[in-house]
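Q: What follows is a single structure, and I will ask about it in a moment.
The values are calculated or read from the model by the stated rules, or taken from the named source; none is laboratory data. Bear in mind the structure is a predicted one, so any value in this text is a computation, not a measurement. In this analysis, Cβ positions are derived from the backbone assuming ideal geometry, glycine residues included, and neighbour counts consider all displayed protein chains. Accessible surface areas use protein heavy atoms only, side chains included; no ligands, DNA or RNA. Shrake-Rupley method; radii C 1.70, N 1.55, O 1.52, S 1.80 Å.
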There are 2 protein chains.
Amino acid sequence: MAQKVKLSTIAEALGLSTATVSLALRDSPLVAEVTRERIKAEAIASGYIYNRRAASLRTSKSGIVGVCVHDIMNPFFGEILIAIEHELDRHRQTFILSNHYDNLSKQRSFVDTMLQLGADGLILSPAIGTPASDLELAEGNSLPVVLIARTVEGSDAGSFRGDDSIGMAMLVRALIAEGHRSIAMVGGTSKTSTGRLREAGYLHALAEAGIEFRPEWRIAGPRGRHSGFDAAETFVRIAERPTAVCCFSDLVALGFMYGLSRAGLRPGIDVAVAGYDDIDEAAIATPPLTTVANGQKEVGRRAASALLARLGGTAFAETEELIVPELRMRQSSGFDWNARPDLK
Amino acid sequence: MAQKVKLSTIAEALGLSTATVSLALRDSPLVAEVTRERIKAEAIASGYIYNRRAASLRTSKSGIVGVCVHDIMNPFFGEILIAIEHELDRHRQTFILSNHYDNLSKQRSFVDTMLQLGADGLILSPAIGTPASDLELAEGNSLPVVLIARTVEGSDAGSFRGDDSIGMAMLVRALIAEGHRSIAMVGGTSKTSTGRLREAGYLHALAEAGIEFRPEWRIAGPRGRHSGFDAAETFVRIAERPTAVCCFSDLVALGFMYGLSRAGLRPGIDVAVAGYDDIDEAAIATPPLTTVANGQKEVGRRAASALLARLGGTAFAETEELIVPELRMRQSSGFDWNARPDLK
DNA sequence: CTGAAAGCGCTTACAG
DNA sequence: CTGAAAGCGCTTACAG
């Protein structure tokens, strides 16, 4: 390791030119097979390390895809990210992952870094308040952008996600079918498209069934486990407590169920609870969580494929059709009417 | 955005040299203030994007730090990563995050990519089976490595982590103090230093109290929520069922508690359960989880500081001292002896 | 099938 | 305080 090994080191050792070495290392048919083998052997023997920065400077391709979401620790994104990773790996793209925590300036500095590194593409779950011009800045500097989970108003960047309003409406309809006439919604914010659409689905299903919505049923805000937990405190203080609660996400629902228990209420018995996303944990939770499968894997796979197609210059291989949500009924919504004879 | 703007574009527009522009943009005192302001204004006006690849090729500094752990979705790592991110952000280093899923060849390809991109440093939670030579390869190519959570035998790479054996021993002693004489340990593997050390602490505390360890008490393997859930099935089939269980991690414990409930046993009442790590969720879980605080924030902060110090050429600012664990007693370990009169 | 030469966009001594 | 020139390590036409 005394001296850094570069193409020219190999070339000199073998009495060849750097051009030949470069071609051989990338399996060009232009180089005779014997020569290629000699070169590869020498590269390994000498501990050669390919300098991507130099190559990238020359070719203006970096093999890097940037991925930025609110929170990589959120299992919802985790499942999407695994699918993206899988897809990008297959195409030997390096991916750079980051959180923006819904902080616009963090997201901007990420996009900036990607621009500076010459990333080939971007997959974004846009931070709250992302203006279309931010996406145009990237696109304008030949950095294609694909969106996941959320949309950005006024932008024509493709977005891959589930059908949030339909999904939430399906869920609320199912709760109504179980006999519930007072249903709260916990979590989510109107600042995101996801929040707006799920709330719209909730309100739509209520209206459709002729149930009059009451403002105190809507506890907006929570988007994580901890804030879901805290929301239970607000919930138990509602004068005429709803018999069912649909949450913005599974994470919120799981935290909310912890909060109900803490308050002495049994989820699934005293209060019906439902989540959204069907993350891995939902099926094993206590009680198992009723939720809506939101196609995370499909979202990740399609977004990555769409981006790769754009990089390859191919026409959009993937459609932007919304992924159709599926209901997962489990015990958390199995409200026990016998426990509340007053409501019968 | 018609033509790509580079240093020379700005230089020409202003009738200056690229050298001056380059210096001005990096706030060199060598450039007169008026000139600097003119240059900066022009850079912004023209939409100039700094090309880091070019700069990095020239300076052989990339401003990139690679971070690779088994699973970024694991909240244990999540908490470490936040601390690392915070520390690196302050020093304007870009960090590239990746999972290796304890797959050695994934880890190798990550290290390789970092080498190719000319990363300045690496923070690694080494995959199972990582040989010291893998770390030497990186170091030998001037890529400094700092370890978190685990150690690598035969390597002198600094490792930042909690004192696993002491922590687990403390926990088991506490369970013994509550009156338990039969304590199982669920999860973890002897293939990692963490697994070996926590098991050693467990065995040590038993021996110390004169309790004879029984092989069926040790359910090795699980390291995630789902496998913790599955382990409960094995646990309930133990002939003389232990009254307490200490788990390899909080994630395992949380899954295990779900599993116990599924099997009809009440965690904290029928079986005392404890975790390890004190992740955020532990305190709000049902029941709240007894565990050991493992200093994730401190691990992340120290590891990042140590790496940055090495990059800066400073002597190691952070010591490699193990972080002292702290007990967090909560209700999950509050076994109700009255529920099992046979054991009194 | 192989080589010589230019150039990607920066930064860094070195002059002036 | 500013400029001319070399060079980081690749790849890519272009010759031969």
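Q: Only one of (1) open to solvent by 20 Å² or more (accessible area, probe 1.4 Å); (2) within 14 Å of chain A (Cβ to nearest Cβ); (3) of a type outside the set (Lys, Arg) is not met by B:Ala119, so which one is it?
A: So B:Ala119 meets the others, but not (1).
Q: Could you list, in sequence order, all residues of the range B:26-35 that are open to solvent by less than 50 Å² (accessible area, probe 1.4 Å) and more than 7 Å from DNA strand D (Cβ to nearest atom)?
A: Across the range B:26-35, the qualifying residue is only B:Ser28.
Q: Pairs only if they're at least six apart or on different chains, beta carbon under 6 angstrom, first in the range A:15-40 and of a type in the set (Gly, Ala, Ser), second more than 8 Å from DNA strand D (Cβ to nearest atom); list them, first residue then second.
A: Matching pairs, first to second residue: A:Ser17/A:Ala11; A:Ala24/A:Val31; A:Ala24/A:Arg36; A:Ala24/A:Ile39.
Q: Output the residue which, of all residues in the range B:1-14 that are in contact (Cβ under 8 Å) with a residue 12 or more places away in the chain, within 12 Å of DNA strand C (Cβ to nearest atom) and of a type in the set (A, V, I, L, M, F, W, C), is farthest from the other protein chains (Cβ to nearest Cβ).
A: Top of the filtered list is B:Ile10.
Q: Restricting to the range B:19-39, count the residues that are within 19 Å of B:Lys4 (Cα to Cα) and touching an Asp or Glu at 6+ places or on another chain (Cβ under 9 Å).
A: Residues in the range B:19-39 being within 19 Å of B:Lys4 (Cα to Cα) and touching an Asp or Glu at 6+ places or on another chain (Cβ under 9 Å): 1 in total.
Q: Out of curiosity, is B:Gly78 within 20 Å of the chain's Cα centre (by Cα), at pLDDT below 95 and more than 16 Å from DNA strand C (Cβ to nearest atom)?
A: When the stated conditions are applied, B:Gly78 passes them.
Q: Considering (1) surrounded by fewer than 24 Cβ atoms within 10 Å (Cβ to Cβ); (2) modelled with pLDDT under 95, say which one A:Gly295 fails and leave the rest.
A: (1)
Q: Could you give me the residue pairs with C-beta distances under 8 Å whose first residue belongs to the range B:83-100 and is within 11 Å of chain A (Cβ to nearest Cβ) and assigned to a loop (DSSP other than H, G, I, E, B), whose second residue is open to solvent by less than 20 Å² (accessible area, probe 1.4 Å) and small (Gly, Ala, Ser) wherever it lies, and which are 6+ apart or on separate chains?
A: Partner pairs satisfying both residue conditions: B:Arg92/B:Gly63; B:Gln93/B:Gly63.
Q: Further, regarding this structure: For B:Gly140, state whether it is closer than 30 Å to A:Leu57 by Cα and either basic (Lys, Arg) or within 12 Å of another protein chain (Cβ to nearest Cβ) (or both).
A: yes
Q: Take the conditions of a type in the set (A, V, I, L, M), in a loop (DSSP other than H, G, I, E, B), surrounded by 13 or more Cβ atoms within 10 Å (Cβ to Cβ) and not assigned by TED's automatic domain parsing to the domain that holds A:Thr151 and apply them to A:Val21. Does it pass?
A: no
Q: Is it fair to say B:Ser46 is more than 7 Å from DNA strand D (Cβ to nearest atom), polar (S, T, N, Q), within 30 Å of B:Leu122 (Cβ to Cβ) and touching a Ser or Thr at 6+ places or on another chain (Cβ under 9 Å)?
A: Against the criterion (more than 7 Å from DNA strand D (Cβ to nearest atom), polar (S, T, N, Q), within 30 Å of B:Leu122 (Cβ to Cβ) and touching a Ser or Thr at 6+ places or on another chain (Cβ under 9 Å)), B:Ser46 does not qualify.
Q: Continuing with this model, one more query. Which one is nearest to the other protein chains (Cβ to nearest Cβ) among residues in the range A:63-82 that are in contact with a Leu (Cβ under 9 Å, 6 or more places away or on another chain) and either among the hydroxyl-bearing types (Ser, Thr, Tyr) or within 26 Å of B:Asp112 (Cβ to Cβ) (or both)?
A: The qualifying residue nearest to the other protein chains (Cβ to nearest Cβ) is A:Ile72.
Q: What are the residues in the range A:195-235 that are more than 14 Å from chain B (Cβ to nearest Cβ), among the hydrophobic types (A, V, I, L, M, F, W, C) and either over 15 Å from A:Val172 (Cα atoms) or not in a helix (DSSP H, G or I) (or both), if any?
A: A:Ala209, A:Ile211, A:Phe213, A:Ile219, A:Ala220, A:Phe235
Q: With the requirement that a residue be within 16 Å of DNA strand D (Cβ to nearest atom) and open to solvent by 40 Å² or more (accessible area, probe 1.4 Å), what does the range A:50-79 give you?
A: Those that are within 16 Å of DNA strand D (Cβ to nearest atom) and open to solvent by 40 Å² or more (accessible area, probe 1.4 Å): A:Tyr50, A:Asn51, A:Leu57, A:Arg58, A:Thr59, A:Ser60, A:Lys61.
Yes or no, residue by residue, for (1) over 21 Å from the mean Cα position of the chain (by Cα); (2) closer than 25 Å to A:Ala177 by Cα; (3) open to solvent by 20 Å² or more (accessible area, probe 1.4 Å):
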{"position": "A:Leu254", "(1), (2), (3)": "no, yes, no"}
{"position": "A:Gly259", "(1), (2), (3)": "yes, no, no"}
{"position": "A:Asp280", "(1), (2), (3)": "no, no, yes"}
{"position": "A:Ala285", "(1), (2), (3)": "yes, yes, no"}
{"position": "A:Arg310", "(1), (2), (3)": "no, no, yes"}
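Q: Restricting to the range B:21-75, and then to whatever is touching a Phe, Trp or Tyr at 6+ places or on another chain (Cβ under 8 Å) and of a type outside the set (Asp, Glu), can you tell me which residue is nearest to DNA strand C (Cβ to nearest atom)?
A: That would be B:Leu25.
Q: Going by what's in this entry, would B:Ala239 be described as in contact (Cβ under 8 Å) with a residue 24 or more places away in the chain, aliphatic (A, V, I, L, M) and away from chain A (no Cβ under 13 Å)?
A: No; evaluated as a whole, the condition is false for this residue.
Q: Name every residue in the range A:1-18 that is part of a helix (DSSP H, G or I), within 26 Å of B:Ala119 (Cα to Cα) and open to solvent by less than 60 Å² (accessible area, probe 1.4 Å), in order of residue number.
A: A:Leu7, A:Ser8, A:Thr9, A:Ile10, A:Ala11
Q: In this structure, does B:Val111 turn out to be open to solvent by less than 50 Å² (accessible area, probe 1.4 Å), under 19 Å from B:Asn141 (Cβ atoms) and in contact with a Phe, Trp or Tyr (Cβ under 7 Å, 6 or more places away or on another chain)?
A: Taking the combined requirement at face value, the residue does not satisfy it.
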